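The values are calculated or read from the model by the stated rules, or taken from the named source; none is laboratory data. Predicted, not measured: the structure shown is a model, and the values here were computed from it. Here the Cβ is made from the backbone with ideal geometry for all residues, glycine too, and neighbour counts use every protein chain on show. Side chains are part of the model used for accessible areas, which takes the heavy atoms of the whole protein and leaves out ligands, DNA and RNA. Shrake-Rupley method; radii C 1.70, N 1.55, O 1.52, S 1.80 Å.
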Amino acid sequence: HEGEAKRTDLMTITRFVLNEQSKYPESRGDFTILLNHIVLGCKYVCSAVNKAGLAKLLGLAGETNVQGEEQKKLDVLSNEVFVNALISSGRTCLLVSEELEEAVFVKPKQRGKYIVVFDPLDGSSNIECGVSIGTIFGIYAAKDKDKVTLDDVLQPGNRMLAAGYCMYGSSCMFVISTGHGVNGFTLDPSLGEFILTHPNIKIPKKGNIYSVNEGNAKNWEKPITEYVDNCKFPQDGSSPKSLRYVGSMVADIHRTLLYGGIFMYPADKKSPDGKLRLLYEVFPMSYLLEQAGGQAFTGKGRALDLVPKKIHERSPVILGSYEDVEHVKAFYAASKANG
Ligand code: P6P
């Protein structure tokens, strides 16, 4: 009967969040409304990304399609979709997008208490070759929506109320945490609903996959070089780890979350702050990994404790299975001790 109940008792993301929010009697459903608008944006982008394969018909960016319309690049289009969805939710007062140099202050009449930081289409350079890409987001609350300033968003990741991503791959998967664990939902295109398929995701304590762009090895800091060498030639005689690196953060993180292991975009001599953006790539993914029982380290400290000074600043990140990150930390500690 239990199986039967599942089939006819669809746990959609809206229902799931309503259940979660019912734990806070004072909540007036604002967060649920905000989330529904984020989900709407993801559904639109999922459909646009899937159609992107029909490039000839749609026309790539800068060209015109069969209707002679100027085609927008998918990441520009995705950004517009999310900005419009978030503003029309009436629940946001400040937006930071990877696509926009300046933060967006919502008109006072349309403001709500939430601040959303997002990368509307991360890894979009991979679209043409069909590699999975994704949307990444994080949610803060403003102290006072009518007096919101940039300081309200230049907050450490440990102040985030929620974070998540949507991966546009073989299926469309929405993974989110509101501070009580991590849950994964898969889009059922026939229903247009995200259904709970991965309840309470926990990352394995240890994994046998490491994920890093080895092409940067020439510029790596010593602890990273030593750690990666140990992955390939384990000193304790254990079997070497496997290297998996998609080059699309959402795909690499999703695999790490489900299979375990470690993902790194560390600092290197060329990019002392690494490449990934702190507010809308490093913080949301670090938040999710901690909520799933893993951890996220910058090479100096806990990623979520960093305080951003600029909305587009970068940060190194080493995240994944708890014990694997501990192992990297040991290499940093040893190299610090040796001076
Ligand atoms: P690299 C994609 O451009 C991206 O921002 C992330 O999605 C991905 O993890 C990273 O850059 C890949 O960078 O330097 O290894 O190509």
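Structure values in brief
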item: Prolate/oblate/rounded label for segment 268-339 (Cα gyration tensor, a/c 1.5); result: oblate
item: Global geometry of the chain, whether rounded, prolate or oblate, following the gyration tensor of its Cα atoms and the 1.5 cut on a/c; result: rounded
item: Point-charge dipole on Cβ atoms (K/R +1, D/E -1) for segment 103-228, about Cα centre, debye to 20; result: 520
item: Rounded to the nearest 20 debye, dipole of the chain from Cβ charges on Lys, Arg, Asp, Glu; result: 440
item: Accessible surface of THR14 - all protein chains present, 1.4 Å probe, nearest 10 Å²; result: 40
item: Where the chain is the region considered: accessible area per residue in Å², 1.4 Å probe; result: 47
item: Whole-Å distance, taken between Cα centres, linking segment 113-178 and segment 240-262; result: 19
item: Net charge of Cβ neighbours under 14 Å - reference GLU214; Lys, Arg +1; Asp, Glu -1; result: +1
item: Under-5 Å amide H pairs with ARG314, H placed in peptide plane, nonlocal only; result: LEU278
item: GLU313 - accessible surface, heavy atoms, 1.4 Å probe, Å² rounded to 10; result: 50
item: Pair LEU100, ILE33: separation of 7 Å Cα→Cβ label points (nm); result: 2.0
item: Axial C-alpha extent at least 27 Å, average Kyte-Doolittle at least 0.5 - helices from the chain (DSSP); result: 30-51
item: Two-decimal Rg/Rh across segment 97-191, once Rg and the Kirkwood Rh are taken from alpha-carbon atoms; result: 1.02
item: Trypsin sites (Lys or Arg not before Pro) lying in DSSP loop within segment 252-328, provided at most 15 other Cβ fall within 10 Å; result: LYS269, LYS270, LYS300, LYS309, LYS310
item: Gain upon complete extension [LYS107, THR8; 0.36 nm per residue less C-alpha separation]; result: 31.4 nm
item: Lone cysteines, the chain (no partner Cβ under 4.7 Å); result: CYS93, CYS129, CYS231
item: Computed E for ASN208/ALA333 - FRET, C-beta separation, R0 25 angstrom, nearest 0.05; result: 0.65
item: Extension gain, ASN50 back to ASP146 (0.36 nm per residue minus Cα-Cα distance, nm); result: 30.7 nm
